[in-house]
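Here, each number is a calculation from the coordinates, and none is a lab measurement. Predicted model only: the values in this text are computed from it and were never measured. Methodologically, a virtual Cβ is constructed for each residue, glycine included, from the backbone with ideal geometry; neighbour enumeration extends over all protein chains shown.
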Amino acid sequence: MNNLLEKLEAIYQRWLSIGEEITRPELMNDMKRYIKLNKDYKDLQAVVDAYKSYRNILENIVNTKDIIAIEKDDDFREMAKSELDNFITERDKLEDEIRLLLLPSDPQDSKNAQVEIRAGTGGDEASLFAGDLFRMYQHYCDKKNWKIETVSMTEGTVGGFKEIIFNITGESVYGMMKYESGVHRVQRVPQTEAQGRVHTSAASVVVLPEADEFDVELKPSDIRKDTYCSSGPGGQSVNTTYSAVRLTHIPTGIVVAIQDEKSQLKNLDKAMHVLRNRLFELEYKKYLDEVASKRKTMVSTGDRSAKIRTYNYPQNRITDHRINLTSYNLTSYMDGNIQEMIEALQVAENAERLKEAIE
């Protein structure tokens, strides 16, 4: 038995064992373990399916070799040899796929995500572009049946956003959205440009895995809470109740202010959520910076000036600079058809991960 088959057989036995355990009624008394085992069972399913196909192909190769060895009819032998070539090609392809499946996945990939879009250089045009990026992600999330919830926003003076923070919930959101972190640059003629000249503006995108209560311990004694009246453009108060919330995490100095909801409780809940994610980012940053140093597909949290993509409107062109991929379907892309780009980045990252594993 080859090494790969041995690994797959061990995983298959583990999968069977988990399958038996999750059917035991007493497991319902430990919901945390029940949820974990269900997730493990589901995560192993793709490997188990590949294992069954691989085992079947190996059996076909052995049987076909036996036929070639004992068969006297030349035509039948030639047909068997052709079949054998096909089985071997299929086996080699499946082995590559299995090696990829066996690579340890980022445990954060299955999580929901918090996304922050901020207008960069370019003034009003940068705010408008930040709004375009948000709508692009909205359309993409609609296609994936993911849910978006806005946490906070600061609108631009002529539209779009100076900053918008939102949560995305769904299946394996972070694993898809993490490639969007970095600086997005746009080249186009602004609405305010009378001479028709192309300007360059930018917006930064930060994507973080959603931190749950198990990831970050928040001590009430470490948090200072201030309340104040919500303010509108120009700083004037828009209500007379102290519904806006500002949280200061004393050990780190991180400040989170939320005023989007009319209810102080809702603003507090959102602020705690953002604070938890920001604290989790500090820990996750160490891991992400290490990964980013090896993989061009990922941008480290400490390097948010890294330009990852250019959107050129006059040429209907979009270029991802990490993998040097250019396509001329910008109009469709801005309508949320970004899956092809994300899959290309995934393929590039997987190739890098396989190279790491071999080295």
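Summary table below
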read-out	value
Amide hydrogen neighbours beyond the local backbone of Glu155, cut-off 5 Å, H modeled	Lys162
Helix-only CD estimate at 222 nm, as mean residue ellipticity for the chain, using -39500 (n - 2.57) per DSSP H run (n ≥ 4)	-16000 deg cm²/dmol
Relative contact order (%) - region 3-102, alpha-carbon pairs under 8 angstrom, separation at least six	28 percent
Amide H contacts of His199 (H built 1.01 Å from N, under 5 Å, at least 5 apart or other chain)	Arg188, Val189
Residue order, fewest to most beta carbons within 10 Å, for Arg135, Arg309	Arg135, Arg309
Extension reserve of the Thr150-Lys93 stretch, reckoned as 0.36 nm per residue once the Cα distance is removed	16.2 nm
The chain: most fluctuating residue of Thr157, Thr89, Thr200 per GNM, C-alpha cutoff 10 Å	Thr89
Whole-number percent relative contact order across the chain, with pairs defined as alpha carbons under 8 Å at least 6 apart	14 percent
Note, ³J(HN,Hα) from phi for region 57-63, Karplus 6.51, -1.76, 1.60, rounded to Hz, x at Gly and Pro	5, 4, 5, 5, 5, 4, 5
Note, ³J(HN,Hα) from phi for region 184-189, Karplus 6.51, -1.76, 1.60, rounded to Hz, x at Gly and Pro	9, 10, 10, 10, 6, 8
Amide hydrogen neighbours beyond the local backbone of Leu325, cut-off 5 Å, H modeled	Asp320
